[in-house]
Every structure is written in structure tokens, then in C-alpha cells.
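Bear in mind that the values in this text are calculations on the coordinates, not laboratory data. In this text the structure is predicted, and so the values were computed from the model without any measurement. Neighbour counts are summed over all protein chains in view; Cβ atoms, including those assigned to glycine, are modelled from backbone coordinates with ideal geometry.
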Amino acid sequence: MSIPSFGVGTFRLTGQAAIDSVRNALDVGYRAVDTAQIYGNEAEVGQAIAESGVQRSELFVTTKIWTENYARTKLVASLRDSLQKLRTDYVDLTLIHWPAPGNGVELAEYMEALAEAKALGLTRQIGVSNFNIELTKQAIAAVGKGEIATNQIELSPYLQSRKLTAFLKEQDIAVTSYMTLAYGKVLKDPVLARIADKHQATVAQVTLAWALQLGYAVIPSSTKRENLASNLLARDLKLDADDMALIAALERNGREVSPEGLAPAWD
């Protein structure tokens, strides 16, 4: 995988909560941080990184371009602005946040602009987020095979997107899972609770371990230091075939996020 398998997310975190979460995450051992222009917290993430004492070379920082910056005339400039907020000369990964069909900018235009940002050294890798199979194919056609590092998509035991993840695997595009805990809904699941009891683990650890064992990267977030540290232990949890089969059976197309005008026609 060309991206770290475990990072900390910052969705919905702003102000001091964002600073504290990232600082605590780095302190307990995280080395990958995921943010986005629309989150409104790049400056706070940058501050937390700067104050952490961790060398920039040890970190993997991801941001995402927002729809209003997709035009060829805007994308690179917007990423430079993100870098200034993040207090860094480059990010490790930059994603197109949503395909936003019909917003006036063609897919080929924004993907080529993203490739230009990489050529300029502003980002080490490029990728997409919330793309379906057809749009991922178009993105590959725009920038070339092997250029798209990941497709960051909503994935949880309730939304397993097997068709899309199988396609991404065929294309050697890493899958990054967001909303892996389904806004916390999986934490009350009796099947997952039984598996957690069996392994003397938390439901969150079981869920994250499930995603990791399927080869996905995960970026859970938390404002609580103890939860950040606990989630990280999912890397050491090994689920058996019975556990994985029970979780596979939880699929129910339970999508949490599909904003009108931004989301594609899902596979």
C-alpha cells in the first residue's frame, strides 16, 4: 500500500478540539493525519503538527480539494493556500473530495489540474474520494494508470461496497475507509459486541481490525485521547474466519453520507 494503513481523521473537528485531537493522536503514536479544505481546520492541524515535535518527514498528511476549487485556474492556488495553513511545503496525498457531477468543471479538467499539483511538488501522491467505478475509470484515463493512490470511500460493516472495492483492488488503487464506525452505530451492534467479548477487545477495535484485514486503510477520529490510543490497538487484533464471516453478513447498504449534487450514482 502506498499510503499508511492507519491514520487519524479530523472531520467535524474545529478550533481547539481539532488541535487537541491531532496533538493527542501524534503523542500516542499516529503518524498519518487526514484533513480537507472544507473541514475548515487545516490551520489547526498545521498548528498541532508544528507543536508536536514530530519531524515532518515522519508524517503523512492528506488534504482534499473542495468543489469550488476544481477549475484548472483555481486548484493549484487553493492547494498552495492549504499548504500555508498546514505549515508545510508539501502534502503527502491530495484528493478530489467529491466527484460533484454537473458543477461546471469536467472530471478531466480537475484531475489534470491535480496531476499538475503533483508535478509541481505540492503533493507527493494524488487520489480521489467518493468516486464510483465509472468515475474512477475516467479519473484513471485522465491521469494515467498507477497515478491514483487511493479512493477514500465510506465503508463500514453496514456498507461494504464489495463491487467497488473489488474493482479498486484490480486497479491497484488502495481503499481508504472513512466512517468505518458508521457514526458510532456499529458500537451498539450485538454481533460485533460478541466478537469483541471473545477477543477481550472493544467493538471499535473489532470494526477497525475488520477493515484492516480486508486491506483497507482507516482514519478514525476522536476527541478523546483514550479512544485514540485504544483505536490504535486494532492493528494488533487478529480476527478469525468465523469473525470475518459474521461481519460480512452485517451488510445492509447502510450509507450515512450521500450529499445531493456532490455524490455520484453509487455502485
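A few remarks follow.
- Isotropically averaged projected area of segment 1-158, using the convex hull of Cα atoms (one quarter of hull area), nm²: 9.4 nm²
- Segment 112-267: C-alpha pair distances exceeding 27 Å, %: 29 percent
- Set of aspartates and glutamates near residue 224 by C-alpha distance (under 14 Å), chain-local residues within fewer than 8 positions excluded: 20, 27
- Sequence-distant lysines (8 or more away, or on other chains) whose Cα lies within less than 16 Å of residue 145: 118, 137, 169
- On full extension, the segment bounded by residue 112 and residue 89 gains 6.2 nm, given 0.36 nm per residue less the C-alpha separation.
- Dipole magnitude for the chain: computed about the Cα centre from +1 point charges on Lys and Arg Cβ and -1 point charges on Asp and Glu Cβ, it is near 220 debye.
- For the chain, dividing the convex hull volume of the Cα atoms by the residue count gives 115 Å³ per residue.
- The length gained by stretching the chain between residue 251 and residue 14 to full extension, at 0.36 nm per residue less their Cα-Cα distance, is 82.1 nm.
- For the pair residue 240 and residue 2, label points projected 7 Å from Cα toward Cβ lie 3.8 nm apart.
- Förster radius 25 Å - calculated FRET efficiency between residue 163 and residue 194, Cβ distance, rounded to 0.05: 0.30
- Cα-projected label distance for residue 103 with residue 55, points at 7 Å along beta-carbon direction, nm: 3.7 nm
- Nearest-ten-degree value, helix 203-213 long axis tilted from longest Cα axis of the chain: 60 degrees
- Estimated inter-spin distance, residue 74 and residue 258, nm [label 7 Å along Cα→Cβ]: 2.7 nm
- Positive-pole candidate from 254, 179, 203, dipole of segment 144-267, charges at beta carbon: 203
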